[in-house]
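**Student:** Dropping a structure here in structure tokens format, bear with me for questions.
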Amino acid sequence: MCELCVRASRDVDGKSVFRLAGRGRESHLVVNSPTGQLGDSNFAVDDKAATVCPVGAILKKRVGYVVPIGERVYDREPISAQVKRLATREV
């Protein structure tokens, strides 16, 4: 729920593929497509939003697990540290 994918999609990619809905514990990520599925949106593999997720919830198809679990960026440092670091620079 760090909103990095939302901001990257909106500000860098010029799209509105993702948004957060709900409040507090009820908040959740929503994909902007008729079916609510990412495959039915205008999301592209080269979109910046595909590379900024600090927890690996958004992975590129067929290459998402090339780096073994435990060695990925989001496995090496706490998510809070990554979000803080990423939020202080351009997405």
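The numbers here are math on the coordinates, done by the rules we state, and not lab data. Please read all numbers here as calculations on a predicted model, not as lab measurements. Note: ideal-geometry Cβ built from the backbone for every residue, glycine included; neighbour counts use all protein chains shown.
**Student:** Given the options Ser33, Ser9, name the one that is of a type in the set (S, T, N, Q) and in a loop (DSSP other than H, G, I, E, B). It would help to see each step written out before you state the result.
**Tutor:** On the way: Ser9 fails: in a loop (DSSP other than H, G, I, E, B).
Just a single option satisfies the conditions, and that option is Ser33.
**Student:** Counting only residues that are of a type outside the set (A, V, I, L, M), closer than 23 Å to Ser80 by Cβ and either surrounded by fewer than 14 Cβ atoms within 10 Å (Cβ to Cβ) or within 8 Å of the chain's Cα centre (by Cα) (or both), how many does the range 45-67 have?
**Tutor:** Here is the first cut: in the range 45-67, the residues of a type outside the set (A, V, I, L, M) are 46-48, 51, 53-54, 56, 60-62, 64-65.
Subsequent filtering for residues that are closer than 23 Å to Ser80 by Cβ retains 48, 51, 53-54, 56, 64.
Retained after the next criterion (residues that are either surrounded by fewer than 14 Cβ atoms within 10 Å (Cβ to Cβ) or within 8 Å of the chain's Cα centre (by Cα) (or both)): 51, 53-54, 56, 64.
Qualifying residue count, the range 45-67: 5.
**Student:** Now for a different question. Name the residues in the range 34-69 that are among the hydroxyl-bearing types (Ser, Thr, Tyr) and within 17 Å of Ala8 (Cβ to Cβ), would you?
**Tutor:** Listed by number, the residues that qualify are Ser41, Thr51.
**Student:** Could you tell me whether the range 9-31 includes any residue that is in contact (Cβ under 8 Å) with a residue 40 or more places away in the chain, surrounded by 14 or more Cβ atoms within 10 Å (Cβ to Cβ), under 18 Å from Ser80 (Cβ atoms) and within 9 Å of the chain's Cα centre (by Cα)?
**Tutor:** Initially, the range 9-31 is screened for residues in contact (Cβ under 8 Å) with a residue 40 or more places away in the chain, giving 9, 11-12.
Pick out the ones that are also surrounded by 14 or more Cβ atoms within 10 Å (Cβ to Cβ) and you get 9, 12.
Still in the running and under 18 Å from Ser80 (Cβ atoms): none.
No, because not a single residue in the range 9-31 is in contact (Cβ under 8 Å) with a residue 40 or more places away in the chain, surrounded by 14 or more Cβ atoms within 10 Å (Cβ to Cβ), under 18 Å from Ser80 (Cβ atoms) and within 9 Å of the chain's Cα centre (by Cα).
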